[in-house]
Each structure stands twice: as C-alpha cells, then as structure tokens.
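Below: the structure, in structure tokens.
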Amino acid sequence: MSDRNVTAALARFSAETCFEELPAASIHEAKRLLLDSIGCALAGLSSAKGRLALRLAHRLGGPAESVVWGAHGKVSTTNAAFANGELINALDWDAGGVPPGHSTPCILPACFALAEAAGTPGQDLLTAIILGHEISGRLGGVLTALEEWPADSALAQLPPVHGYSLHAIGAAAAAARILGLDSRRTAWAFGIGAYFAPVPAMVKWYKTVPAAMTKYGSTGWIAQAGVTAALLAQSGYTGDATALDGEYAFWRFSASAREKWQPEKLLDGLGREWFLGQPYSIFYKHYPFCGLCHAEMDDFLEIVRTRQLRPEEIDSIRILCDPLIEQPIWVTTDIGTHVDAQFSVPFAFAVAAHGIRIGAEWQDESLLHDERIRAFMPRVTVGTHPAGLHRIEVHARGQCYKAEHGARMPAMNDAQLLAKFEQNAASRLRAPAVDRLRRLILELETLPDLAELSACLET
C-alpha cells in the first residue's frame, strides 16, 4: 500500500497543468468530443429522456447563467450541466471509452456550463476537458482492472460491483479547473465529488428489463455533482482531501476488489502519457445504440448492401460475441421505451434490416410499436463466441452469409465525425448556425469566451 498522498498529487496536476503543456493530439480529440457531444445532445432533444431532463432544468431554473443546448433561455450552471449531460447520453449515441465508458457526458457539461457563465477563454475549456478525462481515465484504468474472474465466467468482462460513479471525480476536476481552484481546493472538490458519486450499479442495470432511464448511471446527475463539488470547494466547503488514499479510500465503495489497491499506478506517466489522443482511448458511434456489437452491425449492413437483401428475404440473424450480449438488457424484445430500444440487439438489427436512416430515427416513438419491427425481432438471436471472436451469420435466400473477426472498436475519422455532427445539429439548428458552430469549435482555442458559441446553441 502506497503511503503517498495520491489525491493531492492528482489535484496538483489538475490545478497546475497549463494549456501549453497539452499534446496537440489531446487538444484535437477534445474538439472532436465537443463536436460529437453537442451533436448528440441536439439529436437527444427528440427523445423522451432528453425532453424530461430539459423540462426539469427549466422548472428548477435558477440564475440565467448557462444554456441548455438547443433550447431557449438560460438556467443555473448546475441545472444546465444536468440537462446537457442527460441530452448527450439520451440516445446512447455519444462517445465511449476504454476503460471508463461514458465519461464525456459527465465531464464536458460540467466544465462547459461553468465556462459559459464565467466568460472563460476557449483554451481554458479545452484544458478542463482534457484534464477531466485524464483523471477519469486513470481512475477507470485502475478500478476496472481490480477484479480477477475465471476465464470461462459469463461475467469475465465486468466485476459484480462496477459502474461509472468514478466520473464524479473527473467532472469535479474539470469544473474545479474552470473555476481556477488551487491544488488544495481542487483536492477538496475531488473529495466532495467522490462522496457525491452514485452507487456503481451497472450489473443491476444490465440484468433488469425494462430498462430505466437512469441506465448505467445518470450522466446528468454526475455532471451536476461535479459542478456542485467545485462550487462548494470554491466557497471553502471542505472535502476529503485523501479520498483516493488509504485502506478505506474511494475504491472500497466503488469496486469489488480481490487484489490489493495500488493507488501509485494512478501516477504512472502523469504529464507524459495522456488519455485523450491515444489510439482507441475514445471511440465514436456510427449507430445510435449500445456499442457492444457495432462491428457486427457494420458487417450486417455490408451484407445487406452487397446482396441487396430485403427484410422479408432474411430468415434469421445470429450474432456471437462478448458474453455480455446474453444479458437481459441486450436480448429483450419487449420494447416499451426508446431506452429499451437503444440496448436491444434484436430491435437494432430489425430497424437496420428495414433500411431506416441511421440517426435519431432509430429510436423514434413510431418505430417502438411498428408491427414490421416487432415481427422481425424474433429472427435475431445472440450468443457467446467460443473462441472470443465476433461473428455474424445472416440466413437468406437459402444461403448463409457470414463475417468473423477479432474484437474491434468503432473508428471514425474527422470527415465522418463532422458529417455525424452536421446531421444531428441540423435536427435543431438552421444551416448557418450549424456552420458557425462547427467553425467555432474547431477554432476553440482562439475564442476569448464562449458567448458566440453558446448563442449558436440557444434556439
């Protein structure tokens, strides 16, 4: 067990790292994340989850400090962070990461809301985004590696106590950076964020149908917690400045560890190796549903395209991949809400088979009860690949069309990401605003504040 105060070391790093010290690759990735997240949030306004979050933010109101993206009028920073966090994740089309999962909708709204209210320069927002992801990425890399399970276990991929609660610390780090807190108060913000962190209930979530709108954890609440933690620390409200240290540190209530907690690993390569900008640290989704089998969706659509298959010609689809795919949340055909739809593998492949345009339309209310989709879903079955590979078999016209490969994360180049952003942003904004918004994000480090960018997002 390390006797070094890791919380203080990470807080000092977060408070004192300058924009000039950040790698160009990390800065570029932060802009990509902002583009993708704003686009996903604007598209998320079409969802029930997104509309409910917007309604609550406006009901709670507060001082007119920050905008809810794609809506009219401003609310308090905490309420804007909540609503934007929920909107980014509403369709589950937002960026994912390895190992900490959906960190961005927790971190980015927290620092954006405060930066908008404070008149913060664009380069400071980029710095906060990068540092928040760095803290979450390091925590996720340690906490998700703690549990050792038998190789043949159906739960080999995740320990029984697992979730995204750790992002409350990353959100607090990003928010504290925007507020310019010194290392002492940043450590308090870490501690407050750790105590605000929700229960890591991912395993309960994926075993429970129908799916709740909280999903694997409310990203909006975690973003709001990050803002609140930083504001409290700024005011002098003390937090546990050793939240990541000692035998009863954060890992005790956020992971079911069988091996010894090694907090010093959090500091390995600190300031030299960066989470954002590394290959496969972040992946962007081409499809608005859970990323567990996006590669199989690529293969399926290619088979449909090259063979020109009509839905009535497809007898069955069999998908074999990660053991998690056999858990209730991914196999359900009882689709009641758009949240059920964004995780159900049978639903996603039924929608794709019918040629529905890839976008928020995949979770449209009309599709949830479409008899064509409901009739097709039983043709889609899933299972665990015995060799740990990914495989799809499409039976149609008396033939079996197959594709098999190793695990791979979705890849999205800049042109593809921009096209996705423009499609999503156009669902809420006029073309001139979309063009201006894209330009401002790509030139973010030159902006004296976020006023013009925020004006594009207020309808």
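Would you check which residues across segment 77-98 are in a loop (DSSP other than H, G, I, E, B) and modelled with pLDDT of 95 or more and list them? Outline the logic, then answer.
At the first step, the residues of segment 77-98 found to be in a loop (DSSP other than H, G, I, E, B) are 90-95, 98.
Correct list: 90, 91, 92, 93, 94, 95.
Only one of the listed residues (212, 194) is in the same structural domain as residue 16 (by TED's automatic domain parsing) and touching a Phe, Trp or Tyr at 6+ places or on another chain (Cβ under 6 Å). That residue is 194. A Cβ distance below 8 Å, combined with a sequence gap of six or more or placement on separate chains, defines the contacts here; from segment 417-434, residues that are part of a helix (DSSP H, G or I) reach residues that are acidic (Asp, Glu) and surrounded by 15 or more Cβ atoms within 10 Å (Cβ to Cβ) in the pairs 417/36; 420/36; 421/36; 434/422.
Out of curiosity, is residue 360 among the hydrophobic types (A, V, I, L, M, F, W, C) and over 23 Å from the mean Cα position of the chain (by Cα)? First the steps, then the outcome.
Details: among the hydrophobic types (A, V, I, L, M, F, W, C): yes; over 23 Å from the mean Cα position of the chain (by Cα): no.
Taking the combined requirement at face value, the residue does not satisfy it.
Of a type in the set (A, V, I, L, M) and assigned to a helix (DSSP H, G or I): does that describe residue 211?
Details: of a type in the set (A, V, I, L, M): yes; assigned to a helix (DSSP H, G or I): no.
Against the criterion (of a type in the set (A, V, I, L, M) and assigned to a helix (DSSP H, G or I)), residue 211 does not qualify.
Yes/no matrix, rows are residues, columns are (1) assigned by TED's automatic domain parsing to the domain that holds residue 141; (2) in contact with a Cys (Cβ under 6 Å, 6 or more places away or on another chain); (3) of a type outside the set (A, V, I, L, M, F, W, C); (4) part of a helix (DSSP H, G or I):
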| position | (1), (2), (3), (4) |
| --- | --- |
| 222 | yes, yes, no, yes |
| 225 | yes, no, no, yes |
| 232 | yes, no, no, yes |
| 273 | yes, no, yes, no |
| 277 | yes, no, yes, no |
| 295 | no, no, no, yes |
| 299 | no, no, yes, yes |
| 334 | no, no, yes, no |
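Has segment 188-202 got at least one residue that is touching a strand residue (DSSP E or B) at 6+ places or on another chain (Cβ under 6 Å), free of Cβ contacts under 8 Å to residues at least 60 places away in the same chain, part of a helix (DSSP H, G or I) and of a type in the set (A, V, I, L, M, F, W, C)? Within segment 188-202 (the criterion being touching a strand residue (DSSP E or B) at 6+ places or on another chain (Cβ under 6 Å), free of Cβ contacts under 8 Å to residues at least 60 places away in the same chain, part of a helix (DSSP H, G or I) and of a type in the set (A, V, I, L, M, F, W, C)), the answer is yes, since at least one residue qualifies. Tell me which residues, restricted to segment 76-100, are within 11 Å of the chain's Cα centre (by Cα) and farther than 21 Å from residue 348 by Cα. Of everything in segment 76-100, those that are within 11 Å of the chain's Cα centre (by Cα) and farther than 21 Å from residue 348 by Cα turn out to be 85, 86, 97, 98, 100. Criterion first (surrounded by fewer than 24 Cβ atoms within 10 Å (Cβ to Cβ), closer than 26 Å to residue 131 by Cβ and not polar (S, T, N, Q)) does residue 96 satisfy it? Against the criterion (surrounded by fewer than 24 Cβ atoms within 10 Å (Cβ to Cβ), closer than 26 Å to residue 131 by Cβ and not polar (S, T, N, Q)), residue 96 qualifies. Taken over segment 178-206, the criterion of being aliphatic (A, V, I, L, M) and under 17 Å from residue 161 (Cα atoms) is satisfied by 194, 197, 199, 201, 202, 203.
Residues that are surrounded by fewer than 24 Cβ atoms within 10 Å (Cβ to Cβ) and either in a loop (DSSP other than H, G, I, E, B) or out of contact with any Ser or Thr (no Cβ under 6 Å at 6 or more places or on another chain) (or both) within segment 103-125 comprise 118, 119, 120, 121, 122, 123, 124, listed in sequence order. Does residue 407 satisfy the criteria of being in a loop (DSSP other than H, G, I, E, B), surrounded by fewer than 17 Cβ atoms within 10 Å (Cβ to Cβ) and at negative phi? Against the criterion (in a loop (DSSP other than H, G, I, E, B), surrounded by fewer than 17 Cβ atoms within 10 Å (Cβ to Cβ) and at negative phi), residue 407 qualifies. Considering segment 318-345, and only residues there that are without any contact (Cβ under 8 Å) to a residue 60 or more places away in the chain and within 23 Å of the chain's Cα centre (by Cα), the residue that is farthest from residue 297 (Cα to Cα) turns out to be 335.
Taking the stated definitions as given, is residue 348 closer than 17 Å to residue 392 by Cβ, under 20 Å from the mean Cα position of the chain (by Cα) and part of a helix (DSSP H, G or I)? If you could, list the steps in order and put the result at the bottom.
Values: closer than 17 Å to residue 392 by Cβ: yes; under 20 Å from the mean Cα position of the chain (by Cα): yes; part of a helix (DSSP H, G or I): yes.
Spelling it out, residue 348 is indeed closer than 17 Å to residue 392 by Cβ, under 20 Å from the mean Cα position of the chain (by Cα) and part of a helix (DSSP H, G or I).
If you check 360, 396 for being small (Gly, Ala, Ser), touching a strand residue (DSSP E or B) at 6+ places or on another chain (Cβ under 8 Å) and crowded, with 16+ Cβ neighbours inside 10 Å, only one passes: 396. Within segment 55-76, being part of a helix (DSSP H, G or I) and either free of Cβ contacts under 8 Å to residues at least 24 places away in the same chain or crowded, with 24+ Cβ neighbours inside 10 Å (or both) holds for 55, 57, 58, 59, 60.
The values are calculated or read from the model by the stated rules, or taken from the named source; none is laboratory data. It should be emphasised that the depicted structure is a prediction, and the values quoted were computed from it without experimental measurement. Virtual Cβ from ideal backbone geometry, glycine too; neighbours counted across all protein chains shown.
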